[in-house]
Amino acid sequence: MTERPCANDGASRREFLKGSAVAAVGAAASWAPMVHAGGSDTIKVGLVGAGGRGTGAAEQALSADSGTKLVAIGDLFGDRLAECVSALKGSSVGSRVVADKDHCYTGFDAYKNVIDQVDVVVLATTPHFRPLHTAYAVEKGVHAFVEKPMAVDGPGLRKFLKAVQDAKAKNVSIVNGFCWRYHPPRRATMQQVFDGQIGEIRTIETTYNSQGVWEPRKTREQCGSDMEYQQRNWYYYTWLSGDHIVEQAIHGLDTMAWAMRDKLPERCFGVGGRTVRTDPKYGNIYDHFSIVYEYENNVRGYHQCRHWVNSANRVKDYILGSDGTADVFGNSLSGKNKWRYRDTGDTKKYDMYQVEHDEMYAALRAGKILNNGEQAASSTLLGLMGRAAAYTGEIVTPQQILDSAQDLSPPSYAFGPDPLPVAPIAVPGFTKLS
């Protein structure tokens, strides 16, 4: 199976750039309340991608609405699927996990088996597959919770944007997994910024410096093919994860996009490299990035991220204005209009992972469609721009990414025996963005 992102999508691409500032919540359209065949009010939920994030998201989806049932699950690997089912059945929503062995699917086409029989699907595979799975869900009229990021390359982002437009036309929900936008204290802090309490925004600083994620899970000898080996260790391959500036640090870039009301920057430039995580087992991704985004009116966004062990962690976002500074993680303002968010002590209210599902299912029950796909695409675009700037050493614009023909897809989706060579590690000045 090989399904490449569509290229004949100039209209949606131009519309996305022309809009420049995309809606943070998206379109809401009225439709019939979510009641199904035979008068049942059960919402059939499916999960595609049974890893840790997918398992958590499925539990949160079931927790969001007591009328939900998890009826189908798909993953590339049977062992991951079994772990997911075991964890979910042992959770507080276990009684509504009804997917039996005949409704648990493995392989590259598992997503179709799941989507074909559900009302809502949780899409939580590796980022590479996000555009393909989203497009299929929309084609089938299935509402989708789509984990971040939305794509790993320009063609993939175009395919996702086309699906977003199709979803609007078909009254299909697309709710994204940029969870920080669902955190009530952070929402309140950003509202202070939008209300002008720090004056005009001058600079945004986002930092995601951490020790890194999990170590490679399997050796090549433990896997039956190159494809299996790369899929098992997906984080370390650009074609699967997009690199950590796109997969993880994208949260900080999403805060930058949010502060700018999702208006795209004019360009970016920066540096990156691979100085600590150099062993071949770490695939072909970088271990650090430092990017500057230039917006109109001389506003600058500074982003730094790295994966270095035995080094100081720092995950912080600041918005600097003419009258003060917003500490977004600290939920406070300093300067002319000092302010601090007051915690009510309601921990469930502050669970951003739960809130995103709560809002999605509440809207569906109310007969409303949420579609914040364009916002998700905007934030993903910032990650793709930053990666391209570091990989190539060039100044990169949004248009270059949206016009790029650089498709990171493999020749085919199969577990061998054909080899799957690892793409060379990017070298600035020599690596090109096509």
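The values are calculated or read from the model by the stated rules, or taken from the named source; none is laboratory data. Values in this document were obtained by computation on a predicted structure and should not be read as measured data. Cβ atoms come from the backbone with ideal geometry, glycine included; neighbour counts cover every protein chain shown. Remember, those area values only see protein heavy atoms, side chains included, never the ligands or the DNA or RNA. Shrake-Rupley method; radii C 1.70, N 1.55, O 1.52, S 1.80 Å.
Given (1) open to solvent by less than 10 Å² (accessible area, probe 1.4 Å); (2) in contact with a Phe, Trp or Tyr (Cβ under 8 Å, 6 or more places away or on another chain); (3) under 22 Å from ALA64 (Cβ atoms); (4) of a type in the set (Val, Ile, Thr), where does THR189 come up short, assuming only one miss?
(3)
Quick one: how many residues across the stretch 254-292 are under 21 Å from ASP226 (Cβ atoms), over 22 Å from the mean Cα position of the chain (by Cα) and β-branched (Val, Ile, Thr)?
Final tally of qualifying residues: 1.
If you go through the stretch 233-250 one residue at a time, do you hit one that is under 25 Å from PHE194 (Cβ atoms) and crowded, with 17+ Cβ neighbours inside 10 Å? Spell out the reasoning first.
First, pick out the residues of the stretch 233-250 that are under 25 Å from PHE194 (Cβ atoms): 249-250.
From the residues that got through so far, the ones that are crowded, with 17+ Cβ neighbours inside 10 Å too are 249-250.
Yes; the residues of the stretch 233-250 include at least one that is under 25 Å from PHE194 (Cβ atoms) and crowded, with 17+ Cβ neighbours inside 10 Å.
Kindly indicate which of VAL193, VAL172, VAL164 is of a type outside the set (S, T, N, Q), in contact (Cβ under 8 Å) with a residue 12 or more places away in the chain and assigned to a loop (DSSP other than H, G, I, E, B).
The unique qualifying residue is VAL172.
Quick grid of which residues meet (1) out of contact with any His (no Cβ under 8 Å at 6 or more places or on another chain); (2) of a type outside the set (Asp, Glu); (3) within 25 Å of PHE129 (Cα to Cα); (4) touching a residue at least 40 places away in the same chain (Cβ under 8 Å):
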| site | (1), (2), (3), (4) |
| --- | --- |
| ARG232 | yes, yes, yes, yes |
| TYR236 | yes, yes, yes, yes |
| HIS244 | no, yes, yes, yes |
| LEU264 | yes, yes, yes, yes |
| TYR282 | yes, yes, yes, yes |
| HIS288 | no, yes, yes, no |
| ARG300 | yes, yes, no, yes |
| VAL309 | yes, yes, no, yes |
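Could you tell me whether any residue of the stretch 417-428 is under 30 Å from GLN165 (Cβ atoms) and without any contact (Cβ under 8 Å) to a residue 60 or more places away in the chain?
Taking every residue of the stretch 417-428 in turn, none turns out to be under 30 Å from GLN165 (Cβ atoms) and without any contact (Cβ under 8 Å) to a residue 60 or more places away in the chain.
Being farther than 25 Å from HIS244 by Cβ and aliphatic (A, V, I, L, M) is true for just one of VAL175, VAL193. Which residue is that?
None of the other options fit; the residue is VAL193.
Being under 30 Å from GLY345 (Cα atoms) and among the aliphatic types (A, V, I, L, M) narrows it down to one residue among VAL164, VAL172, VAL193; which is it?
The match here is VAL193.
When the stretch 171-186 is examined, which residues are found to be open to solvent by less than 20 Å² (accessible area, probe 1.4 Å) and closer than 25 Å to ASP343 by Cβ? If you could, list the steps in order and put the result at the bottom.
Filtering the stretch 171-186 down to residues open to solvent by less than 20 Å² (accessible area, probe 1.4 Å) leaves 172-179, 181-182, 185-186.
Passing the criteria: GLY177, PHE178, CYS179, ARG181, TYR182, PRO185, ARG186.
Just one of ALA64, ALA87, ALA82, ALA58 is in contact with a Leu (Cβ under 6 Å, 6 or more places away or on another chain) and among the small types (Gly, Ala, Ser); which is it?
ALA58
Out of the stretch 272-308, which residues are open to solvent by less than 60 Å² (accessible area, probe 1.4 Å) and in a loop (DSSP other than H, G, I, E, B)?
So in the stretch 272-308, the residues open to solvent by less than 60 Å² (accessible area, probe 1.4 Å) come out as 272-274, 277, 282-295, 299, 301, 303, 305-307.
Listed by number, the residues that qualify are ARG274, ARG277, GLY283, ASN284, ILE285, TYR286, ASP287, TYR295, VAL299.
Is it the case that THR255 is surrounded by fewer than 16 Cβ atoms within 10 Å (Cβ to Cβ) and either assigned to a helix (DSSP H, G or I) or among the polar types (S, T, N, Q) (or both)?
Here the answer is no, as THR255 does not meet what is asked.
Just give me the residues in the stretch 192-220 being crowded, with 19+ Cβ neighbours inside 10 Å and in contact with a Gly (Cβ under 6 Å, 6 or more places away or on another chain), in sequence order.
Across the stretch 192-220, the qualifying residues are ILE198, ILE201, ILE204, THR206, TYR208.
What's the number of the condition ARG261 fails, among (1) over 23 Å from THR189 (Cα atoms); (2) open to solvent by 30 Å² or more (accessible area, probe 1.4 Å); (3) not polar (S, T, N, Q)?
With respect to (1) over 23 Å from THR189 (Cα atoms); (2) open to solvent by 30 Å² or more (accessible area, probe 1.4 Å); (3) not polar (S, T, N, Q), ARG261 is out only on (1).
Keeping to the stretch 371-398, report how many residues are farther than 18 Å from LEU253 by Cα and surrounded by fewer than 22 Cβ atoms within 10 Å (Cβ to Cβ).
3
Residues MET150, MET190: which one is among the hydrophobic types (A, V, I, L, M, F, W, C) and touching a Lys or Arg at 6+ places or on another chain (Cβ under 7 Å)? Working first, answer last.
Values: MET190 fails: touching a Lys or Arg at 6+ places or on another chain (Cβ under 7 Å).
Exactly one residue qualifies, and that residue is MET150.
Out of the residues in the stretch 91-110 that are small (Gly, Ala, Ser) and open to solvent by 70 Å² or more (accessible area, probe 1.4 Å), state the one that is farthest from ALA137 (Cα to Cα). Don't jump to the end; show me each part of the working.
So the first thing to find is which residues in the stretch 91-110 are small (Gly, Ala, Ser), and the list is 91-92, 94-95, 99, 107, 110.
Still in the list and also open to solvent by 70 Å² or more (accessible area, probe 1.4 Å): 92, 95.
Details: SER92: 28, SER95: 26 Å.
Per the criteria, the residue is SER92.
Looking at LEU88 and the list (1) open to solvent by less than 30 Å² (accessible area, probe 1.4 Å); (2) among the hydrophobic types (A, V, I, L, M, F, W, C); (3) over 23 Å from the mean Cα position of the chain (by Cα), which single condition is not satisfied?
Going through (1) open to solvent by less than 30 Å² (accessible area, probe 1.4 Å); (2) among the hydrophobic types (A, V, I, L, M, F, W, C); (3) over 23 Å from the mean Cα position of the chain (by Cα) one by one, LEU88 breaks only (3).
On the basis of being in contact with a Pro (Cβ under 7 Å, 6 or more places away or on another chain), among the aliphatic types (A, V, I, L, M), surrounded by 18 or more Cβ atoms within 10 Å (Cβ to Cβ) and closer than 19 Å to ASP254 by Cα, does ALA151 make the cut?
yes
Checking the structure you have, find out if any residue of the stretch 346-366 is at negative phi, surrounded by 24 or more Cβ atoms within 10 Å (Cβ to Cβ) and of a type in the set (Ser, Thr, Tyr).
yes
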